[in-house]
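Down below is the structure, laid out as structure tokens.
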Number of protein chains: 2
Amino acid sequence: MRERILVVGGNAAGMTAAGRAKRLQPDLDITILEASSFISYSICGVPYWVSGLVGSHQDLIAYTPQRLAQERGIQARCRTRVEAILPGRRRLACRSMDSDETFQLDYDRLVLSTGYRPVRPRIEGCELGNVFTVSRLEDGRRLRECLQRRPAAAAVVGGGYIGLMMAAALAETGVRVTLFEKGRHVFSAVDDEIAERIEGALTGRGIAVKLRCPVRALHGTDGMVRSVACSEGTVAADLVLIDVGVLPRTELAQEAGIALGISGAISVDRRGQTDLPGIYAAGNCAETVHLVTNEPVFSTLGTSAARQGRVVGENLAGLRSEYPGTLETALEKVFDLSVGRTGLTLRQALLKGYAAKSVTVDARDRAAYFPDSGPVRVTLVYESGAGRLLGAQIAGGADAAKRIDSAALAIQGRLTVRDLAQADFGYAPPFATLWDPLQIAAHIALR
Amino acid sequence: MRERILVVGGNAAGMTAAGRAKRLQPDLDITILEASSFISYSICGVPYWVSGLVGSHQDLIAYTPQRLAQERGIQARCRTRVEAILPGRRRLACRSMDSDETFQLDYDRLVLSTGYRPVRPRIEGCELGNVFTVSRLEDGRRLRECLQRRPAAAAVVGGGYIGLMMAAALAETGVRVTLFEKGRHVFSAVDDEIAERIEGALTGRGIAVKLRCPVRALHGTDGMVRSVACSEGTVAADLVLIDVGVLPRTELAQEAGIALGISGAISVDRRGQTDLPGIYAAGNCAETVHLVTNEPVFSTLGTSAARQGRVVGENLAGLRSEYPGTLETALEKVFDLSVGRTGLTLRQALLKGYAAKSVTVDARDRAAYFPDSGPVRVTLVYESGAGRLLGAQIAGGADAAKRIDSAALAIQGRLTVRDLAQADFGYAPPFATLWDPLQIAAHIALR
């Protein structure tokens, strides 16, 4: 009999685990169980669907359940909620969300890839209509429907990955946008100098950015949000997008007695195995390790999810595969500004006890005499003694953010700022400067 | 008395050495001697001046001698040829090219940064009018003057860095261009799969590319070139650009008894010192070390030159600075195609005795649903046993070539294809794909 594998959650990690396992071991009988109506979509593409740059939600979907079955031999059941794991019997208790019927499915091995859930802040009014979070494709559809009713003013609560992208997407549809950030700067994944560039990009396109401005309540009439109350007063808003953080979806695992890690996500070894036999976890519900600190972290990135999923898929297929961990390398687009970050910020590094320093330089992304030459800002974070690179951030135009990969590989290779200062970066006037901005930053760090 | 430093050659290496030394040690009395009319210009920018994208040669010049003296306190004498080094007396014999007067200059320390010279092939007709090489700013001016006389057809002999860029630049001015390459493919700095993309970019814009087609002679009338004779017959051309290789300019060093290395360039230690006391060499006239093979190489890249110059400048100023060597990382633009390369090609690796393999993948540079998503091709070269990365090449649109820096840093960090497969590359739909093309290539290499 074919070994039966059930996968709970059909996005980055679950899809990748299923696809990789099936490709390596075509005998496996794999079924994905997904609570929403869609599998295998790019949640990162939702802001561009909302803004209209991407025409249809179908563009964001790599596989429908039909195509997945036909082309990959993997079954997927959407709108199917897994209500309990019965680990002793290797069985799942499920409920069809359409018929409300319950049923049970047996497994030989199980993969939990339940992802994260957005946190709803503990303030009045979050239950009002036209108050959104974005963590599923359906959220994009509801936002688009709301936008068709031509809201006059939108409020974005929180300036994280999703808040920033959605603020830009909403502004591009012509809505007036106010961004509320309780911290000193938006986007705590970068240091202040880079955050300031982001804030400049937002305000430069007409977004009101309110820093150190926690939201106290949402007010509405007839069940629909009308305004946002903050420390500075009240701001009208008939559309509110909330991005105050996310938490790993771990209820199912916890109720089955699977151990969580100190980050709050499901504890797994490097092969993705939980502490219960035959049960793996991958993606944002599963804990991973930070490659600089070696400490457990809860990563919210799709890249981490896909990489963890790939490792679990290989282990399901009988290979011995390990996921080394994450640098939290990430890219963000805010209008024409592209931002990349990897490793630790200076703030994080100091908090973790490193004798860390940082240096920030403003340079150019290509030869100054080239017509589309533009500014690029680089921040390097490094240990002040040995000079080991701990993190880096880049903000610039066009594809500047993707240059962060160089820094990620330098950190992975345990290079120092001295190594970076001597690195052999590529140069041609249309694409680069003779001295790369990362290298200029390394030179200054060495002074 | 202030220490007197003379620098022979006022471009990438010489300018960087002088500038770095002066910044660190403002007491130094530094004079640059330059045979041409210009110092401190971007020779890599000449194709874009020829094509008209860059408006004036002045855009390509970072410092005039006047500004260099005023702003940096460094003297520069253009149109001054150094005819001999008298190392026993620490003296140079010079000649003014304007007055033809000779004079002597004393030095305490000397930097040779004489660069390279283009090779003229041993065929008939190279002395005809409208036959060009490009290694100096003046070459760009002469080319522009020739283009104003509206040539009907241009021939480019040799498909190296300069040949490719000039072929594209000439085509963009409306001239019909034929490129003659004696090898199987253009641009031997990359492997065949990448060279094919370059050839596609050339022919796609109307350039006739003749491979395995050595040029036998140039024919002319009234002293001006009219046609190119090759193995396939005769092709009309009233403008010929030759790029069949370059050689280090070492005559001055050789005549002074300074040792050359096996690459033919001036032998220096990692600090840039020649075998004669007080004499340094930097830039393309000086040998460097390949970071993968650890063998001496003659690099023709401006980046190597600038980095060697920086190291020499630091040593002149009393620091102890060493140049580790080069990966020959380079970028090339051919119309809308950007190409990056680093480390060894498969051909080079096999020639050097590595048990090398390569893998080539076609992927995309950003999410497929993004309007400007385009193809990108990646070739990885690696050792088949340990999987150590030896080289990489990228060809794609926009800024794809600059991604080669990641591979350069991976090679510098001595990472393997397994490390690359697990690397934490950044992702966002407008800039990248969930799995980076370099990573996809690493995955395939691991199969």
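Every number here is computed from the coordinates shown, using simple stated rules; none is lab data. None of the values given here were measured: they were computed from a predicted structure. Note: ideal-geometry Cβ built from the backbone for every residue, glycine included; neighbour counts use all protein chains shown.
Can you compute the FRET efficiency between B:Arg320 and B:Ala386 using 1/(1 + (r/R0)^6), with r the Cβ-Cβ distance and R0 = 45 Å? Round to the nearest 0.05.
Taking R0 as 45 Å, the efficiency between B:Arg320 and B:Ala386 is 0.85.
Of all lysines in the structure, those lying under 26 Å Cα to Cα from A:Lys333, and not within fewer than 8 positions of it along the same chain, are A:Lys182, A:Lys210, A:Lys402, B:Lys333, B:Lys402. Distance in nm between label sites at B:Glu138 and B:Ser188, each 7 Å beyond Cα in the beta-carbon direction? About 2.9 nm, to one decimal. In terms of its C-alpha gyration tensor, segment A:281-360 comes out oblate, because a/c is 1.5 or above while a/b does not outweigh b/c.
Hey, with R₀ at 56 Å, roughly what FRET efficiency would B:Ala84 and B:Ala217 work out to, going by the Cβ-Cβ distance, to 0.05? Show your work: numbers first, answer last.
Numbers: r = 37 Å, r/R0 = 0.65.
The pair B:Ala84/B:Ala217 has a calculated efficiency of 0.95.
Taking each residue in B:175-186, count the Cβ atoms of any other chain within 10 Å of its Cβ, then average. What number comes out? List each step's numbers first, then the result.
On the way: counts 0, 0, 0, 0, 0, 0, 0, 0, 0, 0, 0, 0.
Counting Cβ atoms of other protein chains within 10 Å of each residue's Cβ and averaging gives 0.
The relative contact order of segment B:108-217 comes to 23 percent, based on Cα pairs under 8 Å that sit 6 or more residues apart.
Listed values for segment A:131-139 are Karplus-derived 3J(HN,Hα) couplings in whole Hz (6.51 cos²θ - 1.76 cosθ + 1.60, θ = phi - 60°), namely 10, 10, 10, 10, 9, 9, 4, 4, 4, and x replaces Gly and Pro. Chain B's nearest residue to the axis relating it to A, judged by Cβ and reported with the distance in whole Å, is B:Gly413, 1.
Counting pairs of alpha carbon atoms under 8 Å apart in space and at least six apart in sequence, what relative contact order in percent does chain A give?
Values: 1068 pairs, mean separation 60.6, N = 447.
Computed value for chain A: 14 percent relative contact order.
Position A:Gly73: other-copy label points at 7.5 nm, ordered by increasing distance, label point 7 Å along Cα→C-beta. Under 5 Å from the amide H of B:Val7 lie the amide H atoms of B:Thr31, B:Ile32, B:Leu33, B:Val111, each residue being 5 or more positions distant or on a separate chain, with H modelled from the backbone and absent for Pro and chain starts. Phi-derived couplings, Karplus 6.51 cos²θ - 1.76 cosθ + 1.60 at θ = phi - 60°, listed residue by residue for segment A:241-250: 10, 10, 9, 9, x, 9, 10, x, 7, 10 Hz, with x used for Gly and Pro.
Relative contact order for segment A:188-323: what percent, with Cα pairs under 8 Å and sequence separation of 6 or more? Walk me through the intermediate numbers first.
Details: 175 pairs, mean separation 17.9, N = 136.
Relative contact order of segment A:188-323: 13 percent.
Between amide H atoms placed 1.01 Å from N, distances below 5 Å from B:Val156 occur with B:Thr178, B:Leu179, B:Phe180, B:Leu241, all of them 5 or more places distant or on a separate chain.
What length, rounded to one decimal in nm, is gained on full extension from B:Glu3 through to B:Arg122, with 0.36 nm per residue of separation minus their alpha-carbon distance? If you can, show how the numbers build up before the last one.
Working: separation 119, 0.36 × 119 = 42.84 nm, distance 4.49 nm.
Length gained between B:Glu3 and B:Arg122: 38.3 nm.
In debye, nearest 20: dipole of the protein assembly as shown around its Cα centre with unit charges on the Cβ of K, R (+) and D, E (-)? Intermediate values should be presented prior to the final figure.
Details: 106 positive and 96 negative charges, 64 e Å.
Here the protein assembly as shown has a charge dipole of around 300 debye.
Annotation: amide H-H contacts under 5 Å for B:Thr416 (H modelled 1.01 Å from N, sequence separation of 5 or more, or interchain): B:Leu389.
Work out the mean other chain Cβ neighbour count within 10 Å for the residues of B:46-56 and drop it here as an integer. Walk me through the intermediate numbers first.
On the way: counts 1, 3, 6, 1, 0, 0, 0, 5, 5, 2, 1.
Partner-chain Cβ atoms within 10 Å, mean over residues of B:46-56: 2.
In order along segment B:262-277, the phi-based Karplus estimate (6.51 cos²θ - 1.76 cosθ + 1.60, θ = phi - 60°) of 3J(HN,Hα) comes to 5, 6, x, 8, 5, 6, 9, 7, 5, 8, x, 8, 7, 7, 9, x Hz; Gly and Pro are listed as x.
Given the protein assembly as shown, what percent of its DSSP beta bridges are antiparallel, to the nearest 5? Each step should come with its number before you reach the end.
Details: 114 of 180 bridges.
Rounded to the nearest five, the antiparallel share is 65 percent.
With label points set 7 Å from Cα along Cα→Cβ, the inter-copy distances at A:Leu350 are 5.5 nm, sorted shortest first.
When chain B is treated as a Gaussian network with alpha carbon springs shorter than 10 Å, the biggest mean-square fluctuation among B:Arg403, B:Arg320, B:Arg347 belongs to B:Arg320. With label points defined 7 Å past Cα in the direction of Cβ, position B:Gly52 shows copy-to-copy spacings of 3.6 nm, given to one decimal and shortest first. Shielding value for A:408-420 is 5, the average number of Cβ atoms from other chains within 10 Å of each residue's Cβ. Taking the DSSP beta bridges with both ends in chain B, the antiparallel portion is around 65 percent. The label-point distance for B:Ala62 and A:Leu247, in a model that sets each label 7 Å from Cα toward Cβ, rounds to 5.5 nm. When you count the other C-beta atoms within 10 angstrom of each residue and take the mean per peptide, B:189-198, A:199-208 line up highest first as B:189-198, A:199-208.
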